1. Can you give me the number of residues within the range 200-241 that are buried (at least 22 other Cβ atoms within 10 Å of the Cβ) and not in a helix (DSSP H, G or I)?
2. If only one of Ile74, Ile46, Ile87 is within 28 Å of Leu198 (Cα to Cα) and open to solvent by 60 Å² or more (accessible area, probe 1.4 Å), which one is it?
3. If you check every pair at least six apart or on different chains, which have Cβ atoms under 7 Å apart with a residue in the range 215-229 that is at negative phi first and a residue that is surrounded by 24 or more Cβ atoms within 10 Å (Cβ to Cβ) and charged (D, E, K, R) second?
4. Any residue in the range 6-34 that is farther than 23 Å from Tyr99 by Cα sitting within a Cβ distance under 9 Å of a residue that is modelled with pLDDT of 85 or more and loosely packed, with under 11 Cβ neighbours inside 10 Å? List the pairs, counting only those 6 or more apart or interchain.
5. Right, Val80: crowded, with 18+ Cβ neighbours inside 10 Å, modelled with pLDDT under 80 and either aromatic (Phe, Trp, Tyr) or under 20 Å from Ile201 (Cβ atoms) (or both) or not?
6. Could you check how many residues of the range 272-304 are in contact (Cβ under 8 Å) with a residue 40 or more places away in the chain and either in contact with a helix residue (DSSP H, G or I) (Cβ under 8 Å, 6 or more places away or on another chain) or open to solvent by less than 50 Å² (accessible area, probe 1.4 Å) (or both)?
Amino acid sequence: MAEHLFFWIGFNVFVLVMLALDLGVFHKHTHKVPVKEAVIWTTVWITLAMIFMVIIYFDLGKTKALEFLTGYVIEYSLSVDNIFVFIMIFTYFAVDERYQHKVLFWGIIGALIMRAIFIFAGVALINRFHWIIYIFGGFLIITGIRMLFQRDVSVDPEKNPVVKFFRKILPVTNTMEGERFFIRKDKKLYATPLFLVLLIIETSDLIFAVDSIPAILAITQDSFIVYTSNIFAIMGLRSLYFAISGIMEYFRYLKIGLAFVLTFVGIKMVAAGFDIKIPIVYSLLTILAILVISILASIIIKKK
């Protein structure tokens with residue numbers, strides 16, 4: 001028990017230190033994040049995740065390490081779908097590339113809190129009401145099938161209920177005010193469109209969490225494994241965005257792959273309810289194969 005508590009405390013301290021370094025040292029000054037810097041940070045986060053997996057392997061065993069890796073792969077691949085939405089939101093509001101990192105940084109702070117709540121609530125529900133595993137599994141299957149036939153997603157911020165509600169609480173300026181989220185004019189507080197962007201990204205991530213959390217719970221109900229794999233993927237999302245936002249055409253079939261992944265993990269979750277266990281190694285290999293095939297198809301098949 002003491003060792004498990006040490007892992008929880010140590011991991012959260014690590015996350016806080018990395019966030020402090022990110023904001024206070026590496027991105028102290030506002031700047032456009034170049035692709036080279038983004039690729040380096042993407043590599044750093046993936047490497048840190050793999051090092052953490054090795055630590056889990058030696059301290060908690062092979063099965064837990066594979067569960068972490070599978071959960072990480074699922075969450076990281078689903079994060080690419082987030083990037084499509086981020087691009088549309090930033091384009092719609094014409095957000096200067098220098099300020100995009102700041103928005104994503106605070107967006108991820110909110111995402112970390114929301115994901116933690118979702119994870120602990122999901123694990124608690126499954127532990128208390130085992131039948132809910134069928135609801136989660138069925139939801140993932142339906143979501144996967146819907147994603148398979150879904151057309152391109154469009155973004156209309158004015159229809160976002162959170163944005164509508166917020167506009168009733170606080171006035172919003174008509175133009176951007178640099179990197180500021182709030183300003184004062186004539187002793188009155190105003191939000192800027194940049195803060196609206198942050199709100200929309202937060203609500204978008206909340207919607208994505210509804211898919212991704214049950215997907216990882218289909219792999220394991222160990223709250224520590226679910227939490228850490230999810231957080232590692234989210235922490236690397238910003239650098240991944242800046243690294244691949246300019247080459248998204250190479251991922252145009254990834255949504256189809258993600259649809260099959262969600263359907264597969266949904267079937268795995270329902271099957272587990274009937275005491276039919278799909279070994280974690282086979283689950284990992286299946287998910288990796290689906291993702292690799294979808295990316296290769298995006299590269300090889302010419303766009304009409």
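1. Result for the range 200-241: 3.
2. So the residue among Ile74, Ile46, Ile87 that is within 28 Å of Leu198 (Cα to Cα) and open to solvent by 60 Å² or more (accessible area, probe 1.4 Å) is Ile46.
3. Correct list of pairs: Ile216/Glu75; Ile219/Glu67; Thr220/Glu67; Asp222/Glu67; Ile225/Glu67; Ser229/Glu75.
4. Hits for this filter: zero, empty list.
5. Yes: the conditions hold for Val80.
6. So the answer is 15.
The values are calculated or read from the model by the stated rules, or taken from the named source; none is laboratory data. Here the structure is a predicted model, which means the values were calculated and not measured. No Cβ is skipped: glycine too gets one built from the backbone with ideal geometry, and neighbour counts run over all protein chains shown. Just so you know, the surface numbers come from the protein's heavy atoms only, side chains and all, with ligands and any DNA or RNA stripped out. Shrake-Rupley method; radii C 1.70, N 1.55, O 1.52, S 1.80 Å.
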